[in-house]
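The values are calculated or read from the model by the stated rules, or taken from the named source; none is laboratory data. What you see is a predicted model, and the numbers here were worked out from it, not measured in a lab. All Cβ positions, glycine included, derive from the backbone under ideal geometry; neighbour counts span all protein chains shown.
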């Protein structure tokens with residue numbers, strides 16, 4: 001009897017050991033039904049799930065190809081930090097009113113509070129960019145690099161970079177202020193330096209949950225190995241240890257720009273005509289016509305409102321485009337890059353003035369009512385131009401010299417003499433006649449009153465005034481019956 005009990009005990013023990021071994025094996029087998037063990041991101045996904053940084057769904061799926069929203073991304077990053085519950089509660093309480101105003105979903109509030117408190121993202125960015133029409137907006141690859149650089153405590157390293165080399169074939173599509181952050185992410189192995197199959201970075205592409213698992217896994221290891229700790233920031237976005245730098249508001253027009261690789265020296269002219277230079281860098285928050293912009297987008301002529309420090313560094317810059325219209329004569333034209341024109345026009349006091357403008361690359365041009373190229377217009381042509389921020393974006397030109405052929409419809413006095421001509425396309429033209437115009441009819445000099453309706457004419461025009469008329473009598477034949485001949 002004892003022997004049987006012993007055998008049973010051994011069997012139970014072996015069964016328990018086997019069950020433990022099997023359970024251990026299953027723990028490292030497929031975790032989610034839609035992520036096979038040979039999936040390229042399988043290990044990253046398992047690791048992030050095990051650490052509670054990225055969790056799955058109730059149906060046992062991970063959905064690796066789903067795009068991550070901005071708010072999901074920063075909440076995941078917030079889980080990289082090992083914080084005490086009282087710290088989390090304090091952070092959440094600090095932003096309680098903000099969350100109510102923004103109607104932030106309850107399940108995102110704790111993570112977003114941590115992200116805000118650690119300076120990963122600002123309230124202003126959450127307000128402007130995280131939601132559109134009540135829906136969370138997808139995260140783009142470039143902005144993920146910015147947020148993750150901050151989460152890894154590497155923003156100062158990014159800002160201090162003087163030489164930036166990105167190996168991607170689409171580097172020209174990456175805004176300059178984002179490039180240092182991407183460079184840091186490449187250095188740390190978060191971003192693959194080989195890019196996609198075409199060597200591209202694709203800064204505006206969305207980020208999948210699988211890719212996010214890989215990026216966060218590398219970030220987690222870096223934070224753990226380097227004992228990274230981030231300062232907690234206040235509601236105003238500054239760290240508790242940082243003194244808020246005072247700024248003043250400057251209003252005026254950009255009158256000069258000197259563009260460097262990492263900075264732009266910008267001169268602002270105020271309403272009194274005084275000019276002061278300021279420094280715009282990659283940290284400057286820039287908007288033009290209400291849209292986010294880079295310092296490369298700045299142009300002379302923009303009306304600006306700038307928040308500047310005592311050291312003349314621009315913190316924020318709000319700019320508005322200036323659109324002007326001019327009518328006059330084309331005084332000069334340079335068609336080499338950069339193309340430029342000078343217009344002679346009358347101001348409000350009827351004084352003749354000249355002004356030069358650069359011509360935009362995509363300028364729209366018409367000449368005598370038809371589409372034209374820049375080399376089709378000539379000095380002396382009459383032009384109406386539309387100028388945006390000191391660059392000509394539209395030119396409507398009329399040739400200085402024109403010739404018209406057709407038949408006279410009438411000569412009228414309104415009170416100045418006007419010749420009305422119908423051309424072969426049945427288009428009616430009306431032009432003033434110069435008092436010194438040369439007028440011929442059948443190769444003989446005649447007076448204006450000698451011209452007749454129906455005469456064929458060739459008309460030469462300068463500045464929309466007729467200077468030469470050559471008319472020919474139109475011969476015709478009439479048929480009929482002679483009713484009477486009277487001889488006196």
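Can residue 190 be described as modelled with pLDDT of 95 or more, part of a loop (DSSP other than H, G, I, E, B) and either out of contact with any strand residue (DSSP E or B) (no Cβ under 6 Å at 6 or more places or on another chain) or in the same structural domain as residue 295 (by TED's automatic domain parsing) (or both)?
Working: modelled with pLDDT of 95 or more: yes; part of a loop (DSSP other than H, G, I, E, B): yes; either out of contact with any strand residue (DSSP E or B) (no Cβ under 6 Å at 6 or more places or on another chain) or in the same structural domain as residue 295 (by TED's automatic domain parsing) (or both): yes.
The answer is yes for residue 190.
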Taking the criterion of being closer than 14 Å to residue 330 by Cα and either loosely packed, with under 15 Cβ neighbours inside 10 Å or in contact (Cβ under 8 Å) with a residue 60 or more places away in the chain (or both), would at least one residue in segment 399-417 satisfy it? yes
If I filter segment 136-149 for residues that are over 27 Å from the mean Cα position of the chain (by Cα) and either in a loop (DSSP other than H, G, I, E, B) or within 25 Å of residue 189 (Cα to Cα) (or both), do I get at least one hit? no
Taking the condition touching a strand residue (DSSP E or B) at 6+ places or on another chain (Cβ under 7 Å) and farther than 30 Å from residue 398 by Cβ, does residue 340 pass? no
Count of segment 207-249 residues which are in a strand (DSSP E or B) and modelled with pLDDT of 95 or more: 1
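Suppose the filter is modelled with pLDDT of 95 or more and either over 14 Å from residue 459 (Cα atoms) or not assigned by TED's automatic domain parsing to the domain that holds residue 335 (or both); does residue 385 pass it?
In short, yes.
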How many residues are under 18 Å from residue 67 (Cβ atoms) and either in a strand (DSSP E or B) or in contact with a strand residue (DSSP E or B) (Cβ under 9 Å, 6 or more places away or on another chain) (or both) when one looks only at segment 110-135? 5
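Could you please find all residues in segment 182-201 being farther than 11 Å from residue 145 by Cα and touching a residue at least 24 places away in the same chain (Cβ under 8 Å)?
Restricting attention to segment 182-201, the residues satisfying the condition of being farther than 11 Å from residue 145 by Cα are 187-189, 192-201.
188, 189, 193, 194, 195, 198, 199, 200, 201 - these are the residues of segment 182-201 that are farther than 11 Å from residue 145 by Cα and touching a residue at least 24 places away in the same chain (Cβ under 8 Å).
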Quick check on this structure: which one of 394, 460 is assigned by TED's automatic domain parsing to the domain that holds residue 369 and closer than 30 Å to residue 332 by Cβ? 394
